[in-house]
Amino acid sequence: MGIKMNNNINILAIESSCDETAAAVVKNGRTILSNVISSQIALHTLYGGVVPEIASRKHIEKINQVIKQALSEANVTLQDIDAIGVTYGPGLVGALLVGVAEAKAISYGTGKPLVGVHHIEGHVSANYIEHNDLQPPFLCLIVSGGHTHLVIVKDYGVYEIIGRTRDDAAGEAFDKVARAIGLGYPGGPKIDKLAKEGNKKGIVFPRAHIEGSPYDFSFSGVKSAVLNYLNSCEMKKEEVNRADIAASFQDAVVDVLVRNTIAAAKDFNLDQIAIAGGVAANSALRKAMSDGCKEQGIKLCYPSPIYCTDNAAMIGVAAYYEFIKGTRHGLDLNAVPNLKIGQR
């Protein structure tokens, strides 16, 4: 980066884009002093998915206490904080607004600079937490409930999207298939667990390849294939092996994710791959990507599961690199629910 910092930079980070209310204190972009997450999963499980209005109300209830706890665990006060980092998109607009309003209030009250962070860039930055030697350029596969992107990280905060899903995101497909086979919400971890008991070659589900766009993804076909398979079994009165369905579906998704990612790394001469987002916690994806990278002599990084799902530590890391580049936001910062990666 060519930037020399004599003093430690402490970022207070806030994340509220979906159903986790989170706050963290991050020192110098790599050291996590605290990472507090208040999850609403149990609440939304009752409804089979996230209810935006309920999520927003819960964020309002929890946000002050998670921030207090994050400061306390980091053993710092607001006086020790150099900037406030906050997710301002993409996400659920009501949920995002709670975090943005809180960050603006703290910034106004303390006079500390405000740095808005792109949620998905936060997920990419989660890889810096435990991999001190990881530096751009590298290729990152971002796989979450709302996104499946292949991105070249050219520098801190500088991204080039080379592939994306044409329809469902990988995490969305996991959730829909989990619902179809009666596993409920959240689908990703439940399919991962059940798949361990099944035969991944038991049922052949399609792997999409998009002609002329080798790094793009499509998961609606495999999702539809699972639904058709279930309907067909029901009509024929055949018994359904849920573990085999979970394993075969997961294998089809993982196969495409790994194939496209490794092909892109080779084509762009990148010898480092990182994976990020909620689906990066999937054990089958980690193993298959790890095996594929080993075979090709590519270095692989991924965050611990706690940093794959939504958290504020990753937002603090992303905010740090934006802060030292000079990014500042005014009190007119707004939530942008469909914010594009690389957009400022």
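Looking at 120, 129, can you tell me which residue is assigned to a helix (DSSP H, G or I), under 30 Å from residue 324 (Cα atoms) and modelled with pLDDT under 95?
So the residue among 120, 129 that is assigned to a helix (DSSP H, G or I), under 30 Å from residue 324 (Cα atoms) and modelled with pLDDT under 95 is 120.
Looking at segment 239-260, is at least one residue in contact (Cβ under 8 Å) with a residue 60 or more places away in the chain, touching a Ser or Thr at 6+ places or on another chain (Cβ under 6 Å) and surrounded by 24 or more Cβ atoms within 10 Å (Cβ to Cβ)?
No: segment 239-260 contains no residue that is in contact (Cβ under 8 Å) with a residue 60 or more places away in the chain, touching a Ser or Thr at 6+ places or on another chain (Cβ under 6 Å) and surrounded by 24 or more Cβ atoms within 10 Å (Cβ to Cβ).
Applying the selection to segment 267-282, what residues are loosely packed, with under 15 Cβ neighbours inside 10 Å and in a helix (DSSP H, G or I)?
267
Residue 265 - would you say it is in contact (Cβ under 8 Å) with a residue 12 or more places away in the chain, assigned by TED's automatic domain parsing to the domain that holds residue 150, in contact with a strand residue (DSSP E or B) (Cβ under 6 Å, 6 or more places away or on another chain) and within 15 Å of residue 122 (Cβ to Cβ)?
Judged against the criteria, residue 265 is not a match.
Among the numbered criteria (1) modelled with pLDDT of 95 or more; (2) under 22 Å from residue 187 (Cα atoms), which one does residue 26 miss?
Looking at each condition in turn, residue 26 falls short on (2).
Need the failing condition index for residue 174 against (1) over 26 Å from residue 13 (Cβ atoms); (2) surrounded by fewer than 24 Cβ atoms within 10 Å (Cβ to Cβ); (3) not aliphatic (A, V, I, L, M), just the number.
(2)
Over 30 Å from residue 51 (Cβ atoms), out of contact with any Phe, Trp or Tyr (no Cβ under 6 Å at 6 or more places or on another chain) and not aliphatic (A, V, I, L, M) - does that describe any residue in segment 180-194?
No; the residues of segment 180-194 include none that is over 30 Å from residue 51 (Cβ atoms), out of contact with any Phe, Trp or Tyr (no Cβ under 6 Å at 6 or more places or on another chain) and not aliphatic (A, V, I, L, M).
Looking at segment 45-71, which of its residues are under 26 Å from residue 321 (Cβ atoms) and either among the polar types (S, T, N, Q) or under 22 Å from the mean Cα position of the chain (by Cα) (or both)?
Across segment 45-71, the qualifying residues are 59, 63, 66, 67, 69, 70.
Working only within segment 299-335, note down all residues that are more than 17 Å from residue 132 (Cα to Cα) and without any contact (Cβ under 8 Å) to a residue 40 or more places away in the chain.
305, 326, 332
Test residue 283 against the criterion of being under 30 Å from residue 135 (Cβ atoms), modelled with pLDDT of 95 or more and not assigned by TED's automatic domain parsing to the domain that holds residue 32, and give yes or no.
Against the criterion (under 30 Å from residue 135 (Cβ atoms), modelled with pLDDT of 95 or more and not assigned by TED's automatic domain parsing to the domain that holds residue 32), residue 283 qualifies.
Hey, does segment 74-88 have a residue that's free of Cβ contacts under 8 Å to residues at least 40 places away in the same chain, surrounded by fewer than 24 Cβ atoms within 10 Å (Cβ to Cβ) and not charged (D, E, K, R)?
Among the residues of segment 74-88, at least one is free of Cβ contacts under 8 Å to residues at least 40 places away in the same chain, surrounded by fewer than 24 Cβ atoms within 10 Å (Cβ to Cβ) and not charged (D, E, K, R), which makes the answer yes.
Given the conditions (1) at pLDDT 95 or above; (2) assigned to a helix (DSSP H, G or I); (3) touching a helix residue (DSSP H, G or I) at 6+ places or on another chain (Cβ under 9 Å); (4) surrounded by fewer than 22 Cβ atoms within 10 Å (Cβ to Cβ), report the number of the one that residue 300 does not fulfil.
(2)
From 193, 154, grab the single residue that is free of Cβ contacts under 8 Å to residues at least 40 places away in the same chain and touching a strand residue (DSSP E or B) at 6+ places or on another chain (Cβ under 9 Å).
154
Pick from 157, 221, 182, 163: which is closer than 30 Å to residue 31 by Cβ and either of a type outside the set (D, E, K, R) or out of contact with any Pro (no Cβ under 9 Å at 6 or more places or on another chain) (or both)?
Selected residue: 157, the only one of 157, 221, 182, 163 that is closer than 30 Å to residue 31 by Cβ and either of a type outside the set (D, E, K, R) or out of contact with any Pro (no Cβ under 9 Å at 6 or more places or on another chain) (or both).
Considering only residues that are surrounded by 20 or more Cβ atoms within 10 Å (Cβ to Cβ) and modelled with pLDDT of 95 or more, look in segment 37-70 and name the one that is nearest to residue 8 (Cα to Cα).
Per the criteria, the residue is 70.
Out of everything in segment 103-138 that is aliphatic (A, V, I, L, M) and crowded, with 24+ Cβ neighbours inside 10 Å, what residue ends up being farthest from residue 265 (Cα to Cα)?
103
Of the residues 131, 119, only one is within 23 Å of residue 258 (Cβ to Cβ), out of contact with any helix residue (DSSP H, G or I) (no Cβ under 7 Å at 6 or more places or on another chain) and of a type outside the set (Val, Ile, Thr); which?
After applying the criteria, what remains is 131.
The values are calculated or read from the model by the stated rules, or taken from the named source; none is laboratory data. Values in this document were obtained by computation on a predicted structure and should not be read as measured data. When we count neighbours, we look across all protein chains shown, and the Cβ atoms used for this are built from the backbone with ideal geometry, even at glycine.
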